[in-house]
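First comes the structure, then the notes that go with it.
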Amino acid sequence: MNKTNKLVKISVVAAIYIVVTIALGSLSYWGPIGFRLSEMLNFLTFIDPFYIISLTIGCAIANFYSFSIIDVFVGSFATLLATYAMWKTRKMAISMIWPVLGSAIIAEELHILYKVPFFYTFFTQAVGELAVMVIGYFVFKKIFRNSAFLERIKIKDNNQKLKDIQSKAEKIRKTKLRNI
């Protein structure tokens, strides 16, 4: 894949993250309770690790609209760590834990900046993040069954995780065809 295609795919995902985050306004930025639906896109790291860049950039730009300029750096760092850990984790269901644990970074930021209780803030951030990740898990599990879609959005050609996802999708498709 040429550099232009990579750049376009990375940019489109970053833009989607930004638009979804900003469009949902107060739901995305509402104090100690974090419910940012754009975080569902973190599952794209299973398709290609280049999406770690997209999601980190998208988070950084979206955080310019948040409560503090510090969140541009702290929030995007939390996203970078969480998406990298998700990419390194083999199973989607297990990988959801990383963004949830990353909520501790945001809770500490809020604790330092606004003197809110750390554990309460971590709990509310983590619950919101877990809810989004569970929704995203089911959405992306369905999306990952579409091998044509996966082929279009991949960036790297020799991606073993993508091949594993595609082979599972193909097995499911064949099983459904046999049952018809």
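Observations
- Answer label for P(r) over Cα pairs in 10 Å bins from 0, in percent (calculated), chosen among (1) 10, 39, 38, 12, 0; (2) 10, 37, 36, 12, 4, 1, 0; (3) 10, 37, 32, 15, 5, 1: (3)
- With 0.36 nm allotted per residue and the present C-alpha distance subtracted, the residue 172-residue 149 stretch has 6.7 nm of extension available.
- Pairwise Cα separations in region 1-74 fall into 5 Å bins from 0 onward with the following percentages, short to long: 3, 18, 26, 25, 15, 9, 4, 1, 0.
- Length gained when the stretch residue 7-residue 108 is fully extended (0.36 nm per residue, less Cα-Cα span): 33.0 nm
- Exposure proxy ranking, count of Cβ atoms within 10 Å, fewest first, for 26, 147, 167, 68: 26, 167, 68, 147
- Degrees separating the helix 160-178 axis from the principal Cα axis of the chain, which is the longest one: 60
- Long pairs among 3/161; 6/171; 3/168; 154/174; 9/91; 3/171, criterion Cα-Cα beyond 26 Å: 6/171; 3/168; 3/171
- Using alpha-carbon coordinates, inclination of helix 51-62 to the longest axis of the chain, degrees: 30
- Cβ crowding within 10 Å, taken as a proxy for footprinting-reagent exposure, orders 41, 55 from fewest neighbours to most as 41, 55.
- Whole-number D in µm² s⁻¹ for region 60-137, Kirkwood Cα-pair radius fed into Stokes-Einstein, 10 °C, 1.306 mPa s: 124
- Choice from 93, 148, 85 with maximal GNM fluctuation in the chain (Cα, 10 Å cutoff): 148
Every read-out reported here was derived from the displayed coordinates using simple, explicitly stated rules and does not represent laboratory data. Note that the coordinates shown come from a computational prediction; the quantities given were computed from them, not determined experimentally. When we count neighbours, we look across all protein chains shown, and the Cβ atoms used for this are built from the backbone with ideal geometry, even at glycine.
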